[in-house]
Amino acid sequence: MSKSHDHPENLPQALRAEALETLLIEKGLLVASAVDAVITRYSERVGPMNGARIVARAWVDPEFRQWLLEDGTAAIDQFDLEGGQVEKLVVVANSAQIHNVVVCTLCSCYPWAILGLPPTWYKDPAYRSRIVREPRTVLHEMGLELESGMQIRVWDSSAEVRYMVLPEQPLDSAGMTEAELAERVSRDAMIGVVR
Amino acid sequence: MDGIHDLGGKHGHGEVDYEAPGTVFHARWEATVFAMVNAGARAGAWNNFDRFRHAVERIDPVAYLVHGYYGRWLGGLETLLVEAGLITTAEIEQRLARVSQPRPSGHNERVAARPKARPDPMGPPPQMAGSQRGMANPPKFKVGDRVATATEVLGGHTRLPAYARGKAGVIAAVHGGWVYPDDNAHGRGENPCYLYTVTFEGVELWPGGDPLMTVSLDLFEPYLNHVAWPANDAQDAQELK
């Protein structure tokens, strides 16, 4: 919730992290270059581009779409994902009547293997406290206008099941290839804070 | 545990401070904390996510709100390393005092995290065993059953948030057997039990709640009890089934 705009390397927790890092290296419990490996993994290989491939497949392949909605865990097996945090996946589909949005109020559970590491706002108190109580207002503040009759389904990830929203295919994307469609899928649409 | 982490429905946290996709780590120390949490698992300081989550819940409540996600992880990790006897609080505080000393210009010009393609020299962290377990007994509830959640929880780790206690909802999915976090976080055994998705109407959860919203949570069987449908809903319930 840090509203201050101190340089992130000068925060007290940055110094605490440095203190612990040097201690763990001295004790032989950490190798300094393990940090680079984490950055590489979650910047280049594990991220929302993986979820986007799954959504694009569902848009072009109705049988895959049905499988994904019935048994998300089995359906994504072919995508060769790494990154953890998805022991069971439930995919929920948006429609003209229903909008889905995902949260974890108790911590910050998120489908890492599909969407990468969660954005800061997803982990902050404002989103976690309000999206289960006044989702329409929060989504409005985040720039998403829902029709007044739209049902909102909020999914609070309170156990090890992980959730992903299957957005509706944009009307202007008809005829695009699967790879082109994947470029159109945003992280935020798979969380449910944009359409 | 009714800790600061249990944020669902709380007031006063302001507007969402949205940030567009693109930045994974905002500073190198965040990735350092991530790598240290993996290292902590390798060293045996923690061996399941329930234990890790509970350690995060136990950090200083002010720090929980202001130190951000990786600051919370760091606090939880320090606790686990100390509890495992791998490090002492005094060692951490002494080292903190040392790294907090002013340093010559140029020494502490740390740059924001940037990827450097390099394999993890320590290999992947040890695989957590996963949390799904086979069950000998059948589930107590089926899809469409109306259930009420427990009104109180004990002091330790739980995955029944305060806002969903003492509320009535409907079983939307049965997920089979899973390790029970309320016991596993405290080393009392896995004691697997059935997990259900339970869907609550907004008007059940919140005074003046949005009639067009539902909230669904994944709740463990010990949190739930059968409850009758109100008379005017009984017919709807029959049709649902």
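Coordinate-derived values only; no laboratory data. It should be emphasised that the depicted structure is a prediction, and the values quoted were computed from it without experimental measurement. With ideal geometry, Cβ positions are generated from the backbone for all residues, glycine too; neighbour counts draw on all protein chains shown.
So which cysteines of the protein assembly as shown have no other cysteine's Cβ under 4.7 Å from theirs?
Lone cysteines by the Cβ rule: A:Cys107, B:Cys193.
Using a cut-off of 13 Å between beta-carbons, work out the net charge of the residues near A:Leu23 (Lys and Arg +1, Asp and Glu -1, A:Leu23 not included).
-2
State to the nearest 20 debye the size of the charge dipole of the protein assembly as shown about its Cα centre, where the only charges are +1 on K and R beta carbons and -1 on D and E beta carbons.
I would put it at about 820 debye.
So what's the net charge close to A:Met49: Lys and Arg +1, Asp and Glu -1, counting the other residues with Cβ under 15 Å from its Cβ?
-1
Can you compute 3J(HN,Hα) from phi for each residue in the range B:137-145, using the Karplus curve 6.51 cos²θ - 1.76 cosθ + 1.60 with θ = phi - 60°, rounded to whole Hz and x for Gly and Pro?
Taking θ as phi minus 60°, the curve returns 8, x, x, 6, 10, 10, 4, x, 5 Hz for the range B:137-145.
Which longest run of chain A has no exposed loop site in it, a site being GluC sites (Glu not before Pro) in a DSSP loop with at most 10 other beta carbons within 10 Å, and the site itself not part of the run?
A:1-144
Show the residues, 5+ positions off or on another chain, whose built amide H is closer than 5 Å to the amide H of B:His175.
Answer set, sorted by chain and number: B:Leu195, B:Tyr196, B:Thr197.
Picking from B:Pro102, B:Pro161, B:Pro61, which is most flexible by a Gaussian network model of chain B using Cα springs under 10 Å?
B:Pro102
Check A:His99: other-chain or 5+ apart residues with amide H under 5 Å from its amide H, H built from backbone geometry?
Placed amide hydrogens put A:Gln151, A:Ile152, A:Arg153 under 5 Å from A:His99.
Excluding B:Trp178 itself, what net charge comes from residues whose Cβ is under 14 Å from its Cβ, given Lys and Arg +1 and Asp and Glu -1?
Numbers: positive: A:Lys88, A:Arg162, B:Arg133, B:Arg159; negative: A:Glu87, A:Glu160, B:Asp50, B:Asp182, B:Asp183, B:Glu190, B:Asp218, B:Glu221.
Charge balance in the 14 Å sphere: -4.
Let me test this: with uniform point scatterers at the alpha carbons of the protein assembly as shown, what is the Debye-based log₁₀ I(q)/I(0) at q = 0.10, 0.12, 0.13 1/Å?
Result of the Debye calculation: -0.73, -1.05, -1.24.
Roughly how many Å is it from the Cα centre of the range B:180-215 to that of the range A:137-182, as a whole number?
Between the Cα centres of the range B:180-215 and the range A:137-182 lies a distance of 23 Å.
Please compute the contact order of chain A in relative form: average sequence separation of alpha-carbon pairs under 8 Å and at least six residues apart, divided by the residue count, as a percent.
Taking the mean separation of contacting Cα pairs over the length of chain A, I get 27 percent.
For a test of the definition: using alpha carbon positions, the gyration tensor, and the 1.5 limit on a/c, classify the range B:132-240 as rounded, prolate or oblate.
Oblate.
Could you list the square roots of 5 times each eigenvalue of the Cα gyration tensor of the range B:1-121, that is, the equivalent ellipsoid semi-axes, sorted largest first and rounded to whole Å?
Equivalent ellipsoid semi-axes, largest first: 24, 22, 17 Å.
With a 10 Å Cβ neighbour count serving as the proxy for reagent exposure, in which order, fewest first, do B:Lys10, B:Lys142 appear? Can you show the working numbers first?
Working: B:Lys10 17, B:Lys142 11.
In order of increasing Cβ crowding within 10 Å: B:Lys142, B:Lys10.
Counting other C-beta atoms within 10 Å, and keeping those with at most 15, which DSSP coil trypsin sites (Lys or Arg not before Pro) do you find in the range A:4-91? Working shown, then result.
Values: sites: A:Arg16, A:Lys27, A:Arg41, A:Arg45, A:Arg53, A:Arg57, A:Arg65, A:Lys88; in loops: A:Lys27.
The qualifying sites are A:Lys27.
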